[in-house]
Each structure stands twice: as structure tokens, then as C-alpha cells.
Amino acid sequence: MPDLSFEQMLEESFKTIHNGEVVEGTVIDVKEDEIILNIGYKADGIITRSEYTNEPNADLRELVHVDDKLEAKVLKVNDGDGQVLLTYKRLAAEKGNKRLEEAFNSQEILTAPVVQVLAGGLSVVVDEARVFIPASLVSDTYEKNLEKYAGQEIEFVITEFNPRRRRIIGDRKQILVARKAEMQKALFERIHPGDVVEGVVKNVTDFGAFVDLGGADGLLHISEMSWGHVDNPKKVFKVGENLTVLIKDISGDKIALSLKFEDQNPWLTAAEKYAAGNIVEGKVARMTDFGAFVELEPGVDALLHVSQISHEHVDKPSDVLSVGQMIEAKVVDFNEADRKISLSMKALENAASREAAQEEAPVEEYSDEESTEE
């Protein structure tokens, strides 16, 4: 057996490597765009920036440090300069794909950051493996702007796994739907008509507000927003506002809400405040040809008939009154059973006339009597 030269013995002391092989090495130098590894081979291993990360402007010196241990895959045993070209990113992606395949088979819920917002959905990364979540599967409600998810960590399941065609599809919607169903079931087991619960205003429309009760939405109809009259719900409520509401009715999966708490019902004290003969103030709320409806307080309206506005003839209330005007009138009838109150401004004119007459007449009469006595 021939004697081997020192160079031959040194070379044989190093392991052999092949393209596609996974190797482990120790970082011996880091540049802004390049990592150099000692992989126990006669040549060092090189990982370029593009083979380490998808971030085009990343400074590798901030991500990797000397003496770090790294596992990488051999792309070329000789890159032309006598060095071994390695990839960290592609090995990580392969591991990520394996992880995703396992999650696909088990339907495991994964959590990953959103790395890119696309026109048709979101791109997330699991161990360097990309998953696409279509816009229709991002949420259980329509999302007009997906930008709010940028950089967020979100949960999803893999519903399609085909790495050869680069189709790895995630679904966040089904998780939200399932959890909402669980919450809805728990909510309906807990609530009953007459209960007072907490909620958050989710949406406001012209006819009412939808309130999230934590598992299901309830409708607060415009007619149930106040004992008084509400013209525009959007001027009263804001999305995100916390509300304490009364559950008025539950019908199937529909929940009717109310803010008309019975202990705040203004008719509870109306009999005393608006008894016949009392003089009251109110605001003209609306008018018809036969009279004006006057709001004495939120939830208590009274009718001022056109014939009771003045001693002078009035064709229409709008000829002498205007909506929003404050008036003073006398209660001429109070019907608690039908919750009807009738007012008269004319009655106050009569009283005012009598008072004026009494103020003038007694002076003359008193003078005459004084003269007679003398």
C-alpha cells in the first residue's frame, strides 16, 4: 500500500457531502449579506441572504451570530469558488411543509403571522412555508379592508395541501364559525326574557342597532331605544359602545332587546304630575291638521286639539305653532288606562282674562264701597 501524502491524508479526514444533503455547521463569520459555516468539510459552507430569508433588505448580522449552530441543505458542493453553497430557507420550508402536512391530516389549529396582504387574501408563514388564506376564508363576515391583519398572528386550519402545485390553503373562517356556534349555544342556555345583560353595539341602522351579546346579536329596535321618541339611531349610538340592555323576547335564534326599563317608565308617576287641572310645560313634537302632540317628557305625549289652542279661530296648528316650540297649557283630561292626556292653551287664556278682570274690578268696587261707608 503506497504511502499517502499529508495533503491526501488531510483530505480523507474530511467527510464527503453531496447535493441535497442536510448538514450542520457552526457560524464562523457573518457579513451583511452572507453567512459562513464550518461544516466539517474541506471547504466552508456559504448561505447567502436570499437563501436565508425572504426579507430582501435584511442584515444577516442582526439575525445570526458567530458560534451559532445552523442546519442547512447543500445546493452545490462547489459553487465555483471552492465553497459549498447552502440553503437555510429551503430546508426550513421543507420542514414547514412537513409540519403543514401533519396539521392538514389532523386538522390542527395553527397560529402564524401574516407576512403579506394580497389583493385576494392573506399570506402567512409556518417555518418558512407559505400558506395562502383567501379573503373569503379570512373571517365569518365580509372584510372590506384586509390591511388590518398585516403583522398580526392569526389562527387557521389547512384545508388544502398540495405543495407540488404550490397550493397550501388555510381557512380562518371555520374556526370563527365553530367558536361562535359554541358561544351562541352557551348564550341561549343562559339568557331568558326579562334578563338584563351587557352588550356591545356592533352595527347601527336607520331602524335600530345590533348588539353583540357574546355569542349572538340582539336587535334593539328604534321603538325600544327610549321611552321617548328617537328620530335617528345613528345620532344616539356608536359602534363599539357598551350597553346594558333588557332582553324583551327570544324567538328561535332572534333576540329582541329594549332600553325601556319598567322602573324608568314615565307613566308610573304621570297620574300625579299630569292630573286634570295641572298647568304643564311641553315641547311641540309633531302636528296634524286636528291638533299638535306635545311631549311633556320623554315617553309622555299629550294632545293639544286645534280647538283648544286659542279663543280665536285656528284653521291648522301649524298656523300658530311650530315643532320644537315650548308651550304652557292646562291638563283638561288624564286617561291613565289608555295613556291619553288632553291639553288646553285656551283654558289658560280664560284664566288670564279672569285674573286681569279681577285685578281691575276690585279697585273700583272698593272705592265705591268706601265712598258709601263714608
Here P(r) for the chain, Cα-Cα distances in 20 Å bins, as whole percents, is 18, 27, 20, 16, 11, 5, 2, 0, 0
From DSSP H assignment alone, runs of 4+ in the chain each adding -39500 (n - 2.57), the sum over residues rounded to the nearest 500 puts [θ] at 222 nm at -6500 deg cm²/dmol
Given a Förster distance of 35 Å, the FRET efficiency implied by the Cβ-Cβ spacing of A271 and K234, rounded to the nearest 0.05, works out to 0.50
Reduced to Cα centres, the span from region 201-254 to region 65-88 in Å works out to 63
Quick calc, D206 & T244: beta-carbon distance into FRET formula, R0 25 Å, rounding 0.05, result 0.60
The percentage of the accessible area of region 223-340 (probe 1.4 Å, all protein chains present) made up of carbon and sulfur atoms, to the nearest whole number, is 48
Log10 I(q)/I(0) at q = 0.09, 0.13, 0.14 Å⁻¹ for region 77-199, from Debye over equal alpha-carbon scatterers, is -0.37, -0.64, -0.70
Ordered by number, the chymotrypsin sites (Phe, Trp or Tyr not before Pro) in region 157-265 that occupy a DSSP loop and have at most 13 other Cβ atoms within 10 Å are F207, F261
When the charge dipole of the chain is computed with +1 on Lys and Arg Cβ and -1 on Asp and Glu Cβ about the Cα centre, the Cα farthest towards its positive end, among S310, Q107, I247, belongs to Q107
Per region 169-238, sqrt(5λ) over the Cα gyration tensor eigenvalues, sorted largest first, in Å, gives 28, 17, 7
With the 1.4 Å probe rolled over protein heavy atoms, region 58-143 has an accessible area per residue in Å² of 53
Judged on accessible area alone, 1.4 Å probe, highest first, H313, H221 line up as H313, H221
Taking only protein heavy atoms and a 1.4 Å probe, the highest-to-lowest accessible-area order of Y142, Y52 is Y142, Y52
Taking a crude spin-label model, label points 7 Å out from Cα along the C-beta direction, the V196 to E102 distance in nm is 5.3
Note: E295 to E21 extended length (0.36 nm per residue) minus current alpha-carbon separation gives 90.1 nm
Checking G240, G252, G45 against a Gaussian network model of the chain (alpha-carbon springs below 10 Å), the top fluctuating residue turns out to be G252
With 0.36 nm assigned to each residue of separation and the Cα-Cα distance removed, T288 to D68 gains 70.6 nm
Using alpha carbon positions and the Kirkwood radius, the Rg to Rh ratio of region 6-145 is 1.11
The simple spin-label model distance between A347 and D315, using points 7 Å out along Cα→Cβ, in nm, is 2.9
Long-range share for region 276-327, i.e. C-alpha pairs more than 16 Å apart as a percent of all pairs, stands at 35
So S251 and E155, fully extended at 0.36 nm per residue minus their Cα-Cα distance, gain in nm 31.3 nm
Expressed as a percent, the accessible surface of region 86-140 that is carbon or sulfur, using a 1.4 Å probe and the full set of protein chains, is 50
In whole Hz, the Karplus estimates of ³J(HN,Hα) for region 253-270 (6.51, -1.76, 1.60; θ = phi - 60°; x where Gly or Pro) are 9, 9, 10, 9, 10, 8, 10, 8, 6, 4, 5, 9, 4, x, 6, 5, 10, 5
Expressed in nanometres to one decimal, the distance between label points 7 Å along Cα→Cβ at S226 and D333 is 2.9
Filtering GluC sites (Glu not before Pro) in region 60-125 by DSSP loop and by at most 13 other Cβ atoms within 10 Å leaves E108
Sorted largest first, the C-alpha extents of region 224-277 along its principal axes in whole angstrom are 47, 28, 17
Cα convex hull volume per residue for region 69-142, in Å³, equals 130
The Kirkwood hydrodynamic radius of region 154-312, taken as the inverse of the mean 1/r over all distinct Cα pairs, in Å, comes to 19.6
Sites removed, the longest contiguous part of the chain containing no DSSP-loop trypsin sites (Lys or Arg not before Pro) with at most 12 other Cβ within 10 Å is 16-143
GluC sites (Glu not before Pro) in region 231-313 lying in a DSSP loop, each with at most 11 other Cβ atoms within 10 Å of its Cβ, come to E312
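The values are calculated or read from the model by the stated rules, or taken from the named source; none is laboratory data. Worth saying up front: this structure is predicted, and the values here are computed from it rather than measured. Positions of Cβ are backbone-derived with ideal geometry, glycine not excepted, and every protein chain shown enters the neighbour counts. The accessibility values were calculated without ligands, DNA or RNA, using every heavy atom of the protein model including side chains. Shrake-Rupley method; radii C 1.70, N 1.55, O 1.52, S 1.80 Å.
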